[in-house]
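Enquirer: Here it is, the structure in full.
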Amino acid sequence: MRISKIGLSVALALGLSMSAQAADVEVLHYWTSGGEAKSVAELKKMLEEKGHGWKDFAVAGGGGESAMTVLKSRVVSGNPPAAAQIKGPSIQEWGEEGVLANIDSVAKAEGWDALLPSVVSDVMKYNGEYVAVPVNVHRVNWMWANPEVFRKAGATVPTTWDEFFVAADKIKAAGMTAVAHGGQPWQDATTFESVVLGVGGAEFYNQAFVKLDPEAIKSPTMIKALNTFRKIKAYTDEGAPGRDWNLATAMVIKGEAGMQFMGDWAKGEFTAAGKKPGADYICAAAPGTSNAYTFNIDSFVMFDLDNKELEEGQNDLASTILSPEFQEVFNLNKGSVPARLNLSMSKFDDCAKLSSVDFVSSSIDKTLVPSMAHGMSTFSAVQGAISDAVTEFYNNDSVTAEAAADKMVNAIAAAQ
Amino acid sequence: MSLSRVLIYSLVLLAAVFYLLPLFVMLMTSLKDLEEIRSGTLLSLPQGLNFDAWSKAWGTACTGVDCNGMKGFFWNSVLIVVPAVIISTILGALNGYVLTKWRFRGSNLFFGMLLIGTMIPFQVILLPMARTLGFLGLAGTTSGLIMVHIIYGLAFTTLFFRNYYISIPNELVNAARIDGAGFWLIFFRIVLPISVPIVVVSVIWQFTQIWNDFLFGVVYSSGDAQPITVALNNLVNTSMGVKEYNVDMAAAIIAALPTLLVYIVAGKYFVRGLTAGAVKG
Amino acid sequence: MNVSSSSRQSLGTLLPKIVVAPTFVVTLVFIYGFMLWNAWLSFSSSRMLPKYDWAGFIQYEKLFANDRWWVAAQNLLVFGGLFIVICLLVGLFLAIFLDQKIRAEGAIRTIYLYPMALSFIVTGTVWKWILNPELGIQRMVREMGFESFSFDWLVNADMAIYTVVLAGVWQSSGFVMALCLAGLRGVDENVVKAARVDGASMPLIYRRIIIPGLGPVFFSALIVLTHIAIKSFDLIVALTGGGPGYATDVPATFMYTYSFTRGQIGLGSAASMMMLMAVVAIIVPYLYSELRERKQ
């Protein structure tokens, strides 16, 4: 009798699962809060207008790390979502596993090659065919400054690294924190790549972080960049290690700190605090990088499913994501700029307009480079190796720049 | 009061302050608005009782494309926790009973293997388990997740029951056996009726573990059946958006309410259950 | 011997085995089977997804050449050792104090226990604030007038691992307290009374009679604490994120980072094999002696 009761509860438990998948398009993403969530809700609405159900599969955390863990488990279990938020060279890794769906037919029909800059479309293709669709373009090499702090300290907003240290000294002397920094490995790497770009220029940056040339990484230019990077540490405050990036932004907002190196998502914090670009805060390219552009592009990848009924839903989703309406709504909310060229920027603020103009011009000048810190320039293993070396160098004063460069070369070799 | 008692009381209270400090900070933060959090210190009291963050966490905060707060996720967690706790406790009780009263060759070895099993880091089993669940057709289902929780809870429930039953005199069981009572009769008539305290311990332990689980919940549940910890994580982890710490704190306390309640209500039985034998090895 | 009784007999001896069989099978497949699976991956060239080929010991070679791995391994020793010892000590002393017929014992006991009920996803944030020199304790003490007070462990690469210990002890020592309290309540009062009559002081009685009798308590507590220490993941991720740099990385976070974030499953598997072997090397002799003792 008891056994049958156990059996009953097992059966009951199993029965709970019978809410099997309907033909909804399941989308794995890591945008769960505030403006980001609202933007995704917009996408859901647009997809539903085309007659497809949306099954939300949101997993936040660690800049998408948790979502990737879940995605891997789902793929291994033979039950991948219809679409997932994957970006950069990882798209190639997934392509090699042979699990992605081809959306080249939509891309051909809509002429994506003409809509997207080739730097972007190359990332979205595997073996020359589209497997992913871009949502936005973030610029990473921004410097956010509080003009009030600069005025009080009698400093000017720097455009080169030499000027930067002059300004930083003045702010420090005036009793404020010069640089608001969050000492987490990805933030260390974000600052570092801006330094490398400013010190070495776009060509050197590509040589080091895209081609991973050991000669470039051990070169005097890289040593100079490393030493410049470490010099910044003296201008940060004691509470920096482990600090979330948004708290660092808050320091700039409150006027406790003069500058922060962070991508354009920081704008959301200023906006939320009721601050106006130009008047209350300044968005400028990081010192020495005004003619260059480090990009971070979010994108969605479609998975090859057994259920072919969903193919149409996947194609419609891809088409919706690249539609002018969604690109505008989403990027207004997120602080980034549309990946699609030639859209009207009239509704965007000045920072976004500048970003959009620089995006196009840097793409022509070949100074548009992928962000290393945000996984756009290399596979994740290599990025991790670089990031480890950088953060170790920044946090441990006994490591020399030469040793850090050597370590970077060795770690990259081991990770490949 | 003697000096030593004053000393004891002050140590006890000092420890209590240490344990309460984080909860206090959470509560205070949840009652402030964002401006107060930015300008005030950790321990400063809120200017007034402001429950906006609580109602937002409960009803309107975004956890994905839906912005309905935490309320919808309670039931998901209950659906996972209840069957998993019941089944793992029943199996643990039976295992403990066999391992102490019906020993066989290798039963100690079996117990040892089970205990070593508790030391396996859960990150290791994520992928093989995903594969297995896919093979069984349980991938992305609530029953698959329940199964995972049962499997990795068994070692602890078995440990609790075994250590409890070992203190029941064997003579009691042997006498019943001579009287012709069988395996099940002895279990239901003699062993089970005196197991209440340890059942409480096992249930509390399993309830806490499974309710607070994030890793299994996020990996093995499907989108619309995610447990509350996953919702909490989605709510507090903004990748690149504005952080609302007051809402985060309120949400965290809301998510913990069932376990807190269990500890407050059943805490007494917890210690009593442990006293009654769980610790008698 | 007639047939029916012998079949009864065999059913009688079989039934207990049948009852534990599901657990046995599940343990074999889902714990030991998965360990073997993991061992295989550690000898493969798996990167983003599992690949079942043979790559020899290359992943182990890479692991041993990886500085970060050695930091993580050392951290587990420091963290695990301190965490277990301090939890046991704090738990024991709190239990002894509470056992002195303290007023409002129930409420205080609940206060000591409740941290177990909270998920570290958010509690970690609070601890991060409290320990942050610019926000928490250091600032408060300085504002009280002690300008030179310094408490910057969280942001100091050499000391950060101790803050993890602190938060871990906060979360888990209450449970040890409950175990010890239960053990103390189980002590035969007559023995204590007899000792008092003989003129022994209470500290002496605790040291000589009561605490040695708590052996089984320590056994349960040790198993639970070891399990918590090895699996500490949320704690690290929420409190320090493994930082500053990777100064507070532990094997569990190392393994997770390489297997899942960095697409180096082979290396991650090698790391978890090392971790498992270390655990087995420590736990098995202990289990063996404990379980054998109980048999007698």
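Enquirer: For the range C:183-220, how many residues are within 18 Å of residue B:167 (Cα to Cα) and touching a residue at least 12 places away in the same chain (Cβ under 8 Å)?
Expert: 11
Enquirer: Moving to a separate point now. Are there any helices (runs of 4 or more DSSP H) wholly within the range C:100-157 with 3 or more residues that are under 28 Å from the mean Cα position of the chain (by Cα) and over 17 Å from residue C:172 (Cα atoms), and if so which?
Expert: Qualifying helices (runs of 4 or more DSSP H): C:105-113, C:120-131.
Enquirer: Condition (residue is in contact with a Cys (Cβ under 7 Å, 6 or more places away or on another chain), open to solvent by 60 Å² or more (accessible area, probe 1.4 Å) and not assigned by TED's automatic domain parsing to the domain that holds residue B:260) applied to the range B:9-17: is it met by at least one residue?
Expert: no
Enquirer: Still on this structure, please answer the following. When you look at residue B:237, is it open to solvent by 10 Å² or more (accessible area, probe 1.4 Å) and either in the same structural domain as residue B:33 (by TED's automatic domain parsing) or modelled with pLDDT under 85 (or both), yes or no?
Expert: So residue B:237 fits the description; yes.
Enquirer: Contact list please: Cβ distance under 6 Å, first residue in the range C:117-129 and closer than 12 Å to residue B:26 by Cβ, second residue part of a loop (DSSP other than H, G, I, E, B) and not aliphatic (A, V, I, L, M), pairs at least six apart or on different chains.
Expert: Matching pairs, first to second residue: C:129/C:136.
Enquirer: Further, regarding this structure: The conditions are (1) open to solvent by 10 Å² or more (accessible area, probe 1.4 Å); (2) within 10 Å of chain B (Cβ to nearest Cβ); (3) in a loop (DSSP other than H, G, I, E, B), and residue A:52 fails exactly one of them. Which is it?
Expert: Among (1) open to solvent by 10 Å² or more (accessible area, probe 1.4 Å); (2) within 10 Å of chain B (Cβ to nearest Cβ); (3) in a loop (DSSP other than H, G, I, E, B), the lone unmet condition for residue A:52 is (2).
Enquirer: Hey, does the range A:58-66 have a residue that's within 13 Å of chain B (Cβ to nearest Cβ), modelled with pLDDT of 85 or more and in a loop (DSSP other than H, G, I, E, B)?
Expert: Yes, some residue in the range A:58-66 is within 13 Å of chain B (Cβ to nearest Cβ), modelled with pLDDT of 85 or more and in a loop (DSSP other than H, G, I, E, B).
Enquirer: Considering the range A:231-276 alone, what residues qualify as being of a type in the set (Lys, Arg) and in a helix (DSSP H, G or I)?
Expert: Hits for the range A:231-276 are A:231, A:233, A:254, A:267.
Enquirer: While we're looking at this one, here's another question. Failed condition for residue C:140, given (1) farther than 18 Å from residue B:23 by Cβ; (2) within 7 Å of another protein chain (Cβ to nearest Cβ); (3) of a type in the set (A, V, I, L, M); (4) surrounded by fewer than 23 Cβ atoms within 10 Å (Cβ to Cβ), with all others met?
Expert: For residue C:140, the exception is condition (1).
Enquirer: Among (1) more than 9 Å from chain A (Cβ to nearest Cβ); (2) farther than 26 Å from residue C:252 by Cα, where does residue B:138 come up short?
Expert: Single failed check for residue B:138: (1).
Enquirer: Among the residues of the range B:22-43, write down those that are surrounded by 18 or more Cβ atoms within 10 Å (Cβ to Cβ) and at the interface with chain C (Cβ under 9 Å from one of its Cβ atoms).
Expert: B:22, B:23, B:25, B:26, B:29, B:42
Enquirer: Being within 30 Å of residue B:126 (Cα to Cα), touching a residue at least 40 places away in the same chain (Cβ under 8 Å) and surrounded by 17 or more Cβ atoms within 10 Å (Cβ to Cβ) is the requirement here; does residue A:106 meet it?
Expert: Against the criterion (within 30 Å of residue B:126 (Cα to Cα), touching a residue at least 40 places away in the same chain (Cβ under 8 Å) and surrounded by 17 or more Cβ atoms within 10 Å (Cβ to Cβ)), residue A:106 does not qualify.
Rundown of residues vs (1) open to solvent by 20 Å² or more (accessible area, probe 1.4 Å); (2) within 27 Å of residue A:63 (Cα to Cα); (3) of a type in the set (S, T, N, Q), yes/no style:
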| residue | (1), (2), (3) |
| --- | --- |
| A:221 | yes, no, yes |
| A:239 | no, yes, no |
| A:246 | no, yes, yes |
| A:250 | no, yes, no |
| A:259 | no, yes, no |
| A:263 | no, yes, no |
| A:280 | yes, no, no |
| A:294 | no, yes, yes |
| A:305 | yes, yes, no |
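Enquirer: Output the residues belonging to the range C:59-112 that are in contact (Cβ under 8 Å) with a residue 40 or more places away in the chain, closer than 30 Å to residue A:391 by Cβ and among the aliphatic types (A, V, I, L, M).
Expert: Selection gives C:63, C:71, C:72, C:73, C:76, C:78, C:82, C:84, C:86.
Enquirer: Which is within 25 Å of residue B:266 (Cα to Cα) and assigned to a helix (DSSP H, G or I), of B:173, B:191?
Expert: B:191
Enquirer: Please go through the range C:249-276 and give me each residue that is in a loop (DSSP other than H, G, I, E, B), of a type outside the set (Lys, Arg) and open to solvent by 10 Å² or more (accessible area, probe 1.4 Å), ordered by number.
Expert: C:264
Enquirer: Kindly indicate whether residue B:187 is at the interface with another protein chain (Cβ under 8 Å from one of its Cβ atoms) and farther than 30 Å from residue C:234 by Cα.
Expert: Against the criterion (at the interface with another protein chain (Cβ under 8 Å from one of its Cβ atoms) and farther than 30 Å from residue C:234 by Cα), residue B:187 does not qualify.
Enquirer: Still on this structure: Mind checking which pairs have a first residue in the range C:143-169 that is farther than 14 Å from residue C:243 by Cβ and a second that is assigned to a helix (DSSP H, G or I) and among the basic types (Lys, Arg), Cβ under 7 Å, 6 or more apart or different chains?
Expert: C:149/C:142
Enquirer: Here is a further query. Looking at C:237, C:279, C:284, which is the one that is over 21 Å from residue B:114 (Cα atoms), of a type in the set (A, V, I, L, M) and open to solvent by 10 Å² or more (accessible area, probe 1.4 Å)?
Expert: Just one listed residue meets the conditions, C:237.
Enquirer: When the range A:358-416 is examined, which residues are found to be charged (D, E, K, R) and facing chain C (nearest Cβ under 9 Å)?
Expert: A:388, A:392, A:407
Enquirer: Then there's this: Kindly evaluate residue B:123 against the criterion of being within 30 Å of residue C:254 (Cβ to Cβ), away from chain A (no Cβ under 14 Å) and touching a residue at least 40 places away in the same chain (Cβ under 8 Å).
Expert: No: the conditions fail for residue B:123.
Enquirer: What are the residues in the range C:217-245 that are over 11 Å from the mean Cα position of the chain (by Cα) and of a type in the set (Val, Ile, Thr), if any?
Expert: C:217, C:236, C:237, C:240, listed by residue number.
Enquirer: May I pose another question? In the range A:234-241, is there at least one residue being farther than 25 Å from residue A:170 by Cβ, in contact (Cβ under 8 Å) with a residue 24 or more places away in the chain, among the small types (Gly, Ala, Ser) and facing another protein chain (nearest Cβ under 9 Å)?
Expert: Checked against the condition, which is being farther than 25 Å from residue A:170 by Cβ, in contact (Cβ under 8 Å) with a residue 24 or more places away in the chain, among the small types (Gly, Ala, Ser) and facing another protein chain (nearest Cβ under 9 Å), the range A:234-241 yields no hits at all.
Residues checked against (1) within 12 Å of chain B (Cβ to nearest Cβ); (2) surrounded by fewer than 24 Cβ atoms within 10 Å (Cβ to Cβ):
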position: C:177; (1), (2): yes, no
position: C:180; (1), (2): yes, no
position: C:184; (1), (2): yes, yes
position: C:192; (1), (2): no, yes
position: C:198; (1), (2): no, yes
position: C:217; (1), (2): yes, no
position: C:221; (1), (2): yes, no
position: C:247; (1), (2): no, yes
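Enquirer: Another one. Which one is nearest to the other protein chains (Cβ to nearest Cβ) among residues in the range B:44-83 that are of a type in the set (S, T, N, Q) and buried (at least 19 other Cβ atoms within 10 Å of the Cβ)?
Expert: In this case the residue turns out to be B:63.
Enquirer: Just checking, which of C:291, C:225 is buried (at least 23 other Cβ atoms within 10 Å of the Cβ), of a type in the set (A, V, I, L, M) and either over 26 Å from residue C:48 (Cβ atoms) or more than 8 Å from chain B (Cβ to nearest Cβ) (or both)?
Expert: Result of the check over C:291, C:225: C:225.
Enquirer: Any chance you could count how many residues in the range A:87-103 are outside any helix (DSSP H, G or I), more than 14 Å from chain B (Cβ to nearest Cβ) and open to solvent by less than 50 Å² (accessible area, probe 1.4 Å)?
Expert: The qualifying residues number 5.
The values are calculated or read from the model by the stated rules, or taken from the named source; none is laboratory data. This structure is a prediction, so every number in the text was calculated from the model and none was measured. Positions of Cβ are backbone-derived with ideal geometry, glycine not excepted, and every protein chain shown enters the neighbour counts. Just the protein is used for accessible areas: all its heavy atoms, side chains included, with ligands, DNA and RNA removed. Shrake-Rupley method; radii C 1.70, N 1.55, O 1.52, S 1.80 Å.
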